[in-house]
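Enquirer: The structure follows.
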Amino acid sequence: MVTAEQIKDLQSRLERLYQCLAIEEKRMTLQEEELHTQDPTFWQDQKRAEDQMRKVKGIKKWIEGYENAEKFVQEVLLSVDFVKDELISEEEMDNIFAKAYKEVEDLEMKNMLRREEDSLPAVLKIVSGAGGTEAQDWAEMLMRMYQRYCEKHNYRVTISNFQEGDTAGIKTVTFDIEGDMAYGFLKSENGVHRLVRVSPYNAQGKRMTSFASVFVVPLVDDTIEVEVNPANISWDTFRSSGAGGQNVNKVESGVRLHYKFINPLTNQEDEIVIENTETRDQPKNRENAMRHLRSQLYELELEKRRQTTNAIEASKKKIEWGSQIRSYVFDDRRVKDHRTNYQTSNVGAVMDGDIDDFIKAYLMEFSE
């Protein structure tokens, strides 16, 4: 049975969200912004109109999110009287409370994602580490985990590059992930993921450790300007392999982009290499590769800004690409995040895409 204290706490959290999100101010702003869309000349400037509509949609999203959470909390308050009048059971009230709790918590999570890039789609790349077949099998397991996570959250996933392993698993895969706050949530997965298990590929049945790296960057669109020097770009073409059917190998549709530049984080010469085999259309693959290049350059610029403004407090653990962030120990039935110390014994659920609690712990620890 839900207690009066739990209901009071939920109301308090909703009230705090009302203040933090400045809902009343957003309602007034929405009215003003919608007036602009009623101008008879509004659609004469297509780009300006699209930007304005995107702005209106963004404001509406927060208002509707709050109003939806408010509706669920009101249902909880009504259910108290319904239980007293024996119109519903205590179990039904518990279910109503659980739904309201989730709505409020989800809105709190989104409120942690205030950076401009958090609302963007994401590019998620998995690369198997040293260790041959075992590491490549681990990379494929992570690929499935993120695919299942995206399914649960109604995210659209497009594989832009895929390389099969030598005998099993994968060497690398790159996803484009589109959906509400995709980058904001998935940025927590950036780093090295470690697997410990008795390997089915080891004849002696020994316990083995494998690694795979996960890289996540925001997928930029035309609204974000990123400077790319065409003189620093070179291209290779090749016949695609992997998923795509027998026709995929008949023409050199796969592209490999090389971009040499001065890395803004190190001030040293650097190179970004991007492969794209998403379609059988080479020009389309070039276009996709360029979008991924702009996304990586944008992420580097964001990281430079974060370092400059000390966005992450010095007292907290530093999050870097290449740092080991999480261990999956199958024999001990334990998955532990080394940044937040959050862990669970439900390994099966995690590998089936249930990683929301890890993401929540990360946001609670590192969001401003």
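Enquirer: Which number in (1) in contact (Cβ under 8 Å) with a residue 40 or more places away in the chain; (2) surrounded by fewer than 20 Cβ atoms within 10 Å (Cβ to Cβ) marks the one condition that A212 misses?
Expert: Going through the list (1) in contact (Cβ under 8 Å) with a residue 40 or more places away in the chain; (2) surrounded by fewer than 20 Cβ atoms within 10 Å (Cβ to Cβ), A212 breaks only (2).
Enquirer: In the stretch 123-140, what residues are over 23 Å from T158 (Cα atoms) and modelled with pLDDT of 95 or more?
Expert: Selection gives nothing.
Enquirer: Moving on. Which residues, taken from the stretch 70-115, are more than 21 Å from Q19 (Cα to Cα) and either assigned by TED's automatic domain parsing to the domain that holds E299 or not in a helix (DSSP H, G or I) (or both)?
Expert: Matches in the stretch 70-115: D85, E86, L87, I88, S89.
Enquirer: Output the residue which, of all residues in the stretch 70-104 that are charged (D, E, K, R) and touching a residue at least 40 places away in the same chain (Cβ under 8 Å), is farthest from T223 (Cα to Cα). Full working, then the answer.
Expert: First, the residues of the stretch 70-104 that are charged (D, E, K, R): 70-71, 75, 81, 84-86, 90-92, 94, 99, 102-103.
Those still in the list that are touching a residue at least 40 places away in the same chain (Cβ under 8 Å) too: 70, 90, 94.
Details: E70: 33, E90: 50, D94: 44 Å.
So the residue we want is E90.
Enquirer: Another question, if that's okay. Would you tally the residues in the stretch 121-142 being aliphatic (A, V, I, L, M), surrounded by fewer than 21 Cβ atoms within 10 Å (Cβ to Cβ) and not in a strand (DSSP E or B)? Can you show your working first?
Expert: Initial filter on the stretch 121-142 (aliphatic (A, V, I, L, M)): 122-124, 126-127, 130, 135, 139, 141-142.
Those still in the list that are surrounded by fewer than 21 Cβ atoms within 10 Å (Cβ to Cβ) too: 127, 130, 141.
Narrowing further to those that are not in a strand (DSSP E or B): 130, 141.
Qualifying residue count for the region: 2.
Enquirer: Also, I was wondering about something else. Which count do you get for residues in the stretch 341-356 that are buried (at least 16 other Cβ atoms within 10 Å of the Cβ), under 18 Å from the mean Cα position of the chain (by Cα) and farther than 12 Å from R144 by Cα? Explain how you work it out, then say what you get.
Expert: Just the residues of the stretch 341-356 that are buried (at least 16 other Cβ atoms within 10 Å of the Cβ), to begin with: 342-344, 347, 350-351, 353-355.
Within this subset, residues satisfying the condition of being under 18 Å from the mean Cα position of the chain (by Cα) are 350-351, 353-355.
In the following step, the residues that additionally are farther than 12 Å from R144 by Cα were identified as 355.
So the count comes out to 1.
Enquirer: Sort through L219, L195, L257 and tell me the only one that's modelled with pLDDT of 90 or more and under 17 Å from K171 (Cβ atoms).
Expert: Sole residue among the options that is modelled with pLDDT of 90 or more and under 17 Å from K171 (Cβ atoms): L195.
Enquirer: Looking for something over 26 Å from L10 (Cα atoms), of a type outside the set (D, E) and surrounded by fewer than 18 Cβ atoms within 10 Å (Cβ to Cβ) - is there at least one such residue anywhere in the stretch 57-73? Steps first, please.
Expert: Taking the stretch 57-73 and keeping what is over 26 Å from L10 (Cα atoms), we get 57.
After this cut, where a residue has to be of a type outside the set (D, E) as well, the list is 57.
Retained after the next criterion (residues that are surrounded by fewer than 18 Cβ atoms within 10 Å (Cβ to Cβ)): 57.
Yes, because at least one residue in the stretch 57-73 is over 26 Å from L10 (Cα atoms), of a type outside the set (D, E) and surrounded by fewer than 18 Cβ atoms within 10 Å (Cβ to Cβ).
Enquirer: A further question follows. Within the stretch 42-50, can one find any residue that is in contact with a Phe, Trp or Tyr (Cβ under 6 Å, 6 or more places away or on another chain) and surrounded by 13 or more Cβ atoms within 10 Å (Cβ to Cβ)? Steps first, answer last, please.
Expert: Just the residues of the stretch 42-50 that are in contact with a Phe, Trp or Tyr (Cβ under 6 Å, 6 or more places away or on another chain), to begin with: 49.
From what is left, the residues that are surrounded by 13 or more Cβ atoms within 10 Å (Cβ to Cβ) are 49.
Taking every residue of the stretch 42-50 in turn, at least one turns out to be in contact with a Phe, Trp or Tyr (Cβ under 6 Å, 6 or more places away or on another chain) and surrounded by 13 or more Cβ atoms within 10 Å (Cβ to Cβ).
Enquirer: While we're on this one: Looking at I59 and the list (1) closer than 19 Å to R114 by Cα; (2) modelled with pLDDT under 90, which single condition is not satisfied?
Expert: (2)
Enquirer: Suppose the filter is in a helix (DSSP H, G or I), at negative phi, touching a helix residue (DSSP H, G or I) at 6+ places or on another chain (Cβ under 7 Å) and surrounded by fewer than 20 Cβ atoms within 10 Å (Cβ to Cβ); does D118 pass it?
Expert: Numbers: in a helix (DSSP H, G or I): yes; at negative phi: yes; touching a helix residue (DSSP H, G or I) at 6+ places or on another chain (Cβ under 7 Å): yes; surrounded by fewer than 20 Cβ atoms within 10 Å (Cβ to Cβ): yes.
It is true that D118 is in a helix (DSSP H, G or I), at negative phi, touching a helix residue (DSSP H, G or I) at 6+ places or on another chain (Cβ under 7 Å) and surrounded by fewer than 20 Cβ atoms within 10 Å (Cβ to Cβ).
The values are calculated or read from the model by the stated rules, or taken from the named source; none is laboratory data. Remember, predicted model here, so these are calculated numbers, not experimental data. Because the Cβ atoms are built from the backbone with ideal geometry, glycine has one as well, and the counts that use them run over all protein chains shown.
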